[in-house]
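Right, one structure below, let's go through it.
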Amino acid sequence: MNKNQVKGHTGEAKGKVKEVVGKVTGDKSMEYKGKAEKFVGKTQAAFGDLQSDHEKAKDETQAKSEAGKS
């Protein structure tokens, strides 16, 4: 897991908590802030997933290239 994945999932969880607290207390502002934070967290986690996939593909390509040289 990379830094963006961790930060994204953490932000997603914090946003969900704020959203639920906002719903329970009737605080629409907190509820919407929580939804926004959750969305930002999901986006950051997805970006982290892309980074991770890119690194894996790069490593696989490099390994194939080195194996072909032998």
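The values are calculated or read from the model by the stated rules, or taken from the named source; none is laboratory data. Computed from a prediction, not measured in an experiment: that's the story for all the values here. Glycine gets a Cβ as well: all are built from the backbone with ideal geometry, and neighbour counts include every protein chain shown. In case anyone asks, the SASA skips ligands and DNA or RNA and just uses the protein heavy atoms, side chains included. Shrake-Rupley method; radii C 1.70, N 1.55, O 1.52, S 1.80 Å.
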Q. Add -39500 (n - 2.57) for each DSSP H run of 4 or more in the chain, then divide by its residues: what number comes out at 222 nm, to the nearest 500 deg cm²/dmol?
A. -34000 deg cm²/dmol
Q. So, with a 1.4 angstrom probe, what is the percent of accessible area on segment 25-70 that is carbon and sulfur?
A. 58
Q | FRET efficiency, GLN62 to THR10 (Cβ-Cβ, R0 35 Å, nearest 0.05) | A | 0.65
Q) Hey, with R₀ at 30 Å, roughly what FRET efficiency would ASP27 and MET1 work out to, going by the Cβ-Cβ distance, to 0.05? A) 0.40
(Q) Residue by residue through segment 12-19, what is 3J(HN,Hα) from phi via Karplus (6.51 cos²θ - 1.76 cosθ + 1.60, θ = phi - 60°)? Round to whole Hz and write x for glycine and proline. (A) 4, 5, 4, x, 4, 4, 4, 4
Q. Hey, if you put +1 on the Cβ of every Lys and Arg and -1 on every Asp and Glu Cβ in the chain, which of GLN51, MET1, VAL24 ends up farthest toward the positive end of that dipole?
A. VAL24
**Q.** 0 to 90° range, to nearest 10: angle between helix 28-69 axis and the chain longest Cα axis
**A.** 0
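Using the Cα centre as the reference, give the magnitude of the dipole from point charges on the C-beta atoms of the chain (Lys, Arg: +1; Asp, Glu: -1; all else neutral), rounded to the nearest 20 debye.
The calculation lands at about 280 debye.
Take the Cα atoms of the chain, build their convex hull, and give its volume per residue in Å³.
On the way: hull volume 3.3 nm³, N = 70.
Value for the chain: 48 Å³ per residue.
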